[in-house]
Amino acid sequence: MDATREVEVVVIGAGQAGLSSAYHLRRTGFEPGRDFVVLDHSPGPGGAWRFRWPSLTYGKVHGMHSLPGMELTQADPARPSAEVVGEYFDRYERAFGLRVRRPVDVRAVREGDGGRLLVETSDGTWRTRALINATGTWDRPFWPRYPGQETFRGRQMHTAQYAGPEEFTGRRVVVVGGGASGTQHLLELAPYAAATTWVTRRPPVFREGPFGQEAGRAAVALVEDRVRQGLPPRSVVSVTGLPLNDAVRQGLADGVLDRQPMFDRVTPDGVEWRDGRHVDADVILWATGFRPALDHLAPLRLRGPGGGIQVDGTRVVSDPRIHLVGYGPSASTVGANRAGRAAVRDIRRLLSGEPLEPAA
């Protein structure tokens with residue numbers, strides 16, 4: 001293994017948040033490879049986008065925002081989003097010479113000597129004065145636990161494993177989850193499946209009309225308030241509601257989006273409610289979201305009594321050397337861009353010895 005290398009800043013992750021951070025580092029005078037390094041565990045560019053299911057075309061993507069300094073233009077809406085975004089990220093990395101190192105698995109971040117952090121990876125150890133964590137959520141799919149789950153004789157799968165609707169042909173499918181992924185999966189696979197059932201913990205909220213800047217700021221503020229308190233973040237999408245587009249309207253009219261309350265237990269051949277109602281199923285598709293991928297930060301003991309990491313803007317309150325970008329309120333493409341800029345501005349102040357200011 002290589003000897004420990006030293007840089008000013010380590011960026012973990014090369015999705016939207018990591019590339020935005022790297023762009024702002026370079027733009028403000030940090031030299032890639034010498035002053036900072038970007039580590040990414042994926043085999044190629046694209047972040048989590050490279051793992052999206054092929055039927056998620058670019059035209060179906062909701063709210064994709066270009067990276068700073070280079071617009072994503074003339075993308076074919078009929079092409080898979082994984083291809084469109086992967087190629088765009090690849091062009092971006094090369095255009096700005098970001099020199100992303102991959103595939104590199106970050107195993108742990110520990111306290112080092114002299115006020116430095118030690119980033120232990122499959123490619124050796126990096127010693128750094130500051131850390132931008134941009135690892136997102138894709139690597140931590142959330143699987144709820146329900147009684148009898150282990151007895152189910154059919155297939156259980158998560159959104160992270162979804163490859164398209166064809167594999168559900170002739171199957172009886174229970175889709176669990178009231179977010180965008182759950183409704184997209186359900187609408188897509190219903191024409192192929194023998195039967196579908198949609199269950200959610202809470203009644204879905206459908207949003208009519210355009211989603212303006214004021215509503216967006218209000219939604220982000222709700223998530224930001226949670227992370228300021230050190231609570232686990234909720235996604236921005238979870239507080240905005242589901243857009244009532246033409247496909248959703250048709251699904252409601254056809255009865256595909258006929259939401260049922262959450263079942264109480266899983267049986268060997270389906271799911272069951274407390275009142276005795278039972279639905280047979282061959283597949284349970286858990287569209288139940290993701291959690292922040294932060295296990296490598298565990299040695300630093302950043303989590304507070306609320307179960308989350310207390311963050312002011314992007315800066316970890318208990319350790320100002322560490323910034324979480326794409327976490328909580330910045331877990332959107334436009335939010336990641338802004339957060340990358342804010343984190344770099346804060347890190348420059350930290351490294352130059354200037355006093356840190358509260359986040360705006």
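If you go through the range 268-277 one residue at a time, do you hit one that is in contact with a Lys or Arg (Cβ under 8 Å, 6 or more places away or on another chain) and within 20 Å of Thr137 (Cβ to Cβ)? No: zero hits.
Among residues of the range 145-157 that are on the phi > 0 side of the Ramachandran plot, those with a Cβ under 9 angstrom from a residue that is surrounded by fewer than 17 Cβ atoms within 10 Å (Cβ to Cβ) and in a loop (DSSP other than H, G, I, E, B), sequence gap 6+ or separate chain, pair up as Gly148/Pro268. Do the conditions hold for Ala14, that is, is it outside the structural domain of Pro165 (by TED's automatic domain parsing), crowded, with 17+ Cβ neighbours inside 10 Å, among the small types (Gly, Ala, Ser) and at pLDDT 95 or above? It is true that Ala14 is outside the structural domain of Pro165 (by TED's automatic domain parsing), crowded, with 17+ Cβ neighbours inside 10 Å, among the small types (Gly, Ala, Ser) and at pLDDT 95 or above.
Please determine, by comparing only the residues of the range 97-123 that are assigned to a loop (DSSP other than H, G, I, E, B) and among the β-branched types (Val, Ile, Thr), which one is surrounded by the most Cβ atoms within 10 Å (Cβ to Cβ). This residue is Val100. Take the residues of the range 295-309 that are touching a residue at least 24 places away in the same chain (Cβ under 8 Å) and buried (at least 19 other Cβ atoms within 10 Å of the Cβ): which is nearest to Trp49 (Cα to Cα)? Checked the range 295-309; the qualifying residue nearest to Trp49 (Cα to Cα) is His296.
Taking the range 124-146 as the range and being of a type in the set (D, E, K, R), in a loop (DSSP other than H, G, I, E, B) and modelled with pLDDT of 95 or more as the test, only Arg145 passes. Of the candidates Ser332, Ser352, the single residue that is among the polar types (S, T, N, Q) and without any contact (Cβ under 8 Å) to a residue 12 or more places away in the chain is Ser352. Taken as a whole, the condition of being under 22 Å from the mean Cα position of the chain (by Cα), among the aliphatic types (A, V, I, L, M) and either within 30 Å of Arg338 (Cα to Cα) or buried (at least 18 other Cβ atoms within 10 Å of the Cβ) (or both) does not apply to Ala163.
The residue of the range 147-186 that is farthest from Leu285 (Cα to Cα), among those that are at pLDDT below 95 and of a type in the set (A, V, I, L, M), is Ala180. Going residue by residue through the range 180-188, is there one that turns out to be of a type in the set (Asp, Glu) and buried (at least 18 other Cβ atoms within 10 Å of the Cβ)? Yes, the range 180-188 contains at least one residue that is of a type in the set (Asp, Glu) and buried (at least 18 other Cβ atoms within 10 Å of the Cβ). Residues in the range 48-96 that are over 28 Å from Glu167 (Cβ atoms) and assigned to a loop (DSSP other than H, G, I, E, B): 11 in all.
Residue by residue, here is whether (1) over 22 Å from the mean Cα position of the chain (by Cα); (2) more than 22 Å from Gly18 (Cα to Cα); (3) without any contact (Cβ under 8 Å) to a residue 12 or more places away in the chain holds:
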residue: Ser55; (1), (2), (3): no, yes, no
residue: Gly59; (1), (2), (3): no, yes, no
residue: Thr73; (1), (2), (3): yes, no, yes
residue: Arg79; (1), (2), (3): no, yes, no
residue: Glu93; (1), (2), (3): no, no, no
residue: Gly97; (1), (2), (3): yes, no, no
residue: Val100; (1), (2), (3): no, no, no
residue: Ala108; (1), (2), (3): no, no, no
residue: Gly114; (1), (2), (3): yes, yes, yes
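Residues in the range 265-305 that are in a loop (DSSP other than H, G, I, E, B) and over 29 Å from Ile322 (Cα atoms): Pro268, Asp269, Trp273, Arg274, Asp275, Gly276, Arg277, Ala281, Asp282, Ala287.
The values are calculated or read from the model by the stated rules, or taken from the named source; none is laboratory data. What you are looking at is a predicted structure, and each value in this text was computed from that prediction instead of being measured. With ideal geometry, Cβ positions are generated from the backbone for all residues, glycine too; neighbour counts draw on all protein chains shown.
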